[in-house]
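See structure below.
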Amino acid sequence: MFYHSTRNACEAVDSARAVLEGLAPDGGLYMPEALPAFDWRKCLEGSSQEMATMILSALLPDIPDMKALVSKAYTGKFQTEDLTPTVKVGDFTVLELFRGPTSAFKDVALSMLPQLLTAARDVCGQEREIMILTATSGDTGKAALAGFRDVPGVKITVFYPDGGVSAVQRAQMVTQEGNNVKVCAVRGNFDDAQTGVKNIFAACKGQTPKYSLSSANSINIGRLAPQVMYYFKAYRDLLDRNEIKLGDQVNYSVPTGNFGDILAGYLAKLLGLPVGMLICASNANNVLTDFIRTGTYDKRRPLLKTTSPSMDILVSSNLERLLYLMSGCDTELVAGLMTDLNTNGVYTVPENMKAAIDKEFWAGCCGDEATAATIGKVWREQGYLMDTHTAAGWAAAEEYVRHTGDDRAMVVLSTASPYKFPSAVLEAIGGDLSGDEFAQMERLEAITGVPTPANLSGLRGKTELHPGVIDKDKMLEFVLSL
Ligand SMILES: *Cc1c(COP(=O)(O)O)cnc(C)c1O
């Protein structure tokens, strides 16, 4: 099975090289030429680790010993052995993706990526050390640090915007231990940090004197593929609870930023899982809602700061993979749309493509006030505490059901622990906001009785190992000095 760029079908690479390179040389994203035949019924019979092994072996067939890699990635690292538990809350089922080492859903993929990347390096016979460069607006940085910590042959540098992440998120990163990790704040906003990282890749052409550079971003198929598993897992849980029969379609509502998570749901469907509608949930940065509703993607708008910062985004990278699939793998068309986006900030897809998207995807968005109202309502009525991103997913699911009357089972993906955003969650349930975020965490626990994940409460008082702050034009120098 070969992979090629979403913008050009001529140059094919195997799956190991696709993982190792991350991004195709023309700037497109790697996609499989065709999906393999897959026994989805058999996949549903296994444990979460067995599901992951089967799916990853199918999608990345050139990476050997997948079972051992999956075991190394996940065994003993998550709160529950099934990795991604589900909870029945009212009419919906919440799929808890935040039970990993950093309490963010990105742990599911970033626990696996280091295993895939180092295995891919061996397959490709590359001997140089890999330096992972990551700019983060909060969650990716910590999940990547935890995943890559002490992985032999790999180093990782994380840049975050100075003053641009929450106190908890900063504490998670600056206290990171490990002999191969570096963390540094950049004076500027997230865009400055992200542009700085892209400039380093361009200036070094992917290589420094010591390292070959790589990214932990969801543009890498090795980060996307591990996310397919939990769509199967949620389906299996619904079967086990007799809420559905084998073959019934299930809808999934997904809090969305870079479109990686929801695209993994569509890949699950292409592998045979009976997925009904995929609901793309956004916050006030509703560029994706507008796109799915109108067929026009228009990034010419201000980026708003919201209480669900992991979805604050204007350019959603993995949407390019959807365009590729929905155009019938028309790389020329995708390349044209991406040029439109880069030069004019806007593109419109052809009618038939819009119709194809409408069959599979629905979109909803909700501002900070509605997000808070949703958290408050679900807590009061169901006794279930959710974070701000999950609340956007819940609100979109409710809006969808109201709008369509669709009564198929609904899974809402929960992408972060409420304790990662204690201030917004505490306010939403009417708690007093005094004190710092750690005091707020304690109060949230006292009011709700929902335990704080140990990885978060344990941050208080931990030694800051990476207190540095640099100007954005010093980022390359910082990397070269390592
Ligand atoms: C990253 C993230 C998302 C968005 O996921 P995408 O794959 O980028 O669409 C949603 N919620 C949380 C909490 C996240 O960290």
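Scanning segment 310-328 for residues that are part of a loop (DSSP other than H, G, I, E, B) and hydrophobic (A, V, I, L, M, F, W, C), which turns out nearest to the ligand (Cβ to nearest atom)?
To start, the set of residues in segment 310-328 that are part of a loop (DSSP other than H, G, I, E, B) comprises 312-318, 327-328.
If we keep only those that are hydrophobic (A, V, I, L, M, F, W, C) too, we end up with 313-315.
Details: Ile313: 7, Leu314: 13, Val315: 11 Å.
So the residue we want is Ile313.
Quick grid of which residues meet (1) open to solvent by 10 Å² or more (accessible area, probe 1.4 Å); (2) out of contact with any Asp or Glu (no Cβ under 6 Å at 6 or more places or on another chain); (3) more than 25 Å from Leu304 (Cα to Cα):
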{"residue": "Val346", "(1), (2), (3)": "yes, no, no"}
{"residue": "Phe361", "(1), (2), (3)": "no, yes, no"}
{"residue": "Gly364", "(1), (2), (3)": "no, no, no"}
{"residue": "Ala370", "(1), (2), (3)": "yes, yes, no"}
{"residue": "Ile375", "(1), (2), (3)": "no, yes, no"}
{"residue": "Glu398", "(1), (2), (3)": "yes, yes, no"}
{"residue": "Arg402", "(1), (2), (3)": "yes, yes, yes"}
{"residue": "Arg408", "(1), (2), (3)": "yes, yes, yes"}
{"residue": "Leu413", "(1), (2), (3)": "no, yes, no"}
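Please pick out the residue among Leu35, Leu44, Leu56 that is of a type in the set (A, V, I, L, M) and under 22 Å from Ser215 (Cα atoms).
Numbers: Leu35 fails: under 22 Å from Ser215 (Cα atoms); Leu44 fails: under 22 Å from Ser215 (Cα atoms).
Checking each option against the conditions leaves just Leu56.
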- Condition broken by Glu127, with the remaining ones in (1) under 18 Å from Ile219 (Cα atoms); (2) surrounded by fewer than 24 Cβ atoms within 10 Å (Cβ to Cβ) satisfied: (1)
- Note on the structure: Only unsatisfied item for Gly276, checking (1) more than 26 Å from Tyr30 (Cβ to Cβ); (2) touching a Gly at 6+ places or on another chain (Cβ under 7 Å), is (2)
- Message: Trp394 - would you say it is within 16 Å of the ligand (Cβ to nearest atom), open to solvent by less than 30 Å² (accessible area, probe 1.4 Å) and not small (Gly, Ala, Ser)?
- Response: yes
- Query: Just to be sure, is Phe201 under 29 Å from Ala363 (Cα atoms) and aromatic (Phe, Trp, Tyr)?
  - Reply: no
- Query: Of these, Leu270, Leu246, Leu239, which one is on the phi < 0 side of the Ramachandran plot, in contact with a Leu (Cβ under 6 Å, 6 or more places away or on another chain) and open to solvent by 10 Å² or more (accessible area, probe 1.4 Å)?
  - Reply: Leu270
- Task: Those residues that are farther than 19 Å from Ala264 by Cα, away from the ligand (no atom under 14 Å from the Cβ) and β-branched (Val, Ile, Thr), I need them from segment 78-123; list them, please.
- Result: Thr80, Val87, Val89, Thr118, Val123
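Listed here are the residues, each with its yes/no results for (1) touching a strand residue (DSSP E or B) at 6+ places or on another chain (Cβ under 8 Å); (2) touching a residue at least 24 places away in the same chain (Cβ under 8 Å); (3) under 23 Å from Val250 (Cβ atoms); (4) among the basic types (Lys, Arg).
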position	(1), (2), (3), (4)
Gly367	no, yes, no, no
Ala372	no, yes, no, no
Gln382	yes, yes, yes, no
Ala396	yes, yes, yes, no
Glu399	yes, yes, yes, no
Gly405	no, no, yes, no
- Message: Testing Leu465 on (1) modelled with pLDDT of 95 or more; (2) within 16 Å of the ligand (Cβ to nearest atom), one condition comes back false. Which one is that?
- Response: (2)
- Tell me which residues, restricted to segment 24-72, are free of Cβ contacts under 8 Å to residues at least 24 places away in the same chain and among the polar types (S, T, N, Q). Thr53, Ser57, Ser71
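The values are calculated or read from the model by the stated rules, or taken from the named source; none is laboratory data. No experiment lies behind these values; they were computed from the predicted model shown. Reconstructed Cβ throughout: ideal geometry from the backbone, glycine too, with neighbour counts over all protein chains shown. These area figures cover heavy atoms from the full protein model, side chains too; ligands, DNA and RNA do not enter into them. Shrake-Rupley method; radii C 1.70, N 1.55, O 1.52, S 1.80 Å.
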